[in-house]
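Below is one structure, written out as structure tokens; the observations come after it.
What follows draws every value from the coordinates through simple rules; no lab data is involved. What you see is a predicted model, and the numbers here were worked out from it, not measured in a lab. Positions of Cβ are generated from backbone atoms using ideal geometry, with glycine treated the same way; all protein chains shown enter the neighbour counts.
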Amino acid sequence: MTPKKTVERNREILAAFEAGQSIGSLGRQYGLGDQHIRALLTNERNKRIVSPEPFYRAIRRSKAALLRGHGSKDRQENTTEIRAP
């Protein structure tokens, strides 16, 4: 199992990347290569989709709730905008 410190670091890296920080700057900040950062980002994204861990389950639940509450109407509007005349 991955040490807790590393798990937290990986989550921080994904959050920083999603906030707009570049892969290069994350690599310099955490002392990791670009390929390693890309691998961490891919792994964290995959965990959000399939991991049974409570942290990731909570993210999926909150995302699903947002989609149920607001997304269904938005998706209908977006669909009508995309359709060809």
Residue-count net charge about residue 50 - beta-carbon cut-off 11 Å; Lys, Arg +1, Asp, Glu -1: +4
Residues 51, 62, sorted so that the one with the fewest Cβ neighbours within 10 Å comes first: 62, 51
Neighbourhood net charge (15 Å Cβ-Cβ; Lys/Arg +1, Asp/Glu -1) for residue 27: +1
Pair residue 57, residue 43: separation of 7 Å Cα→Cβ label points (nm): 2.3 nm
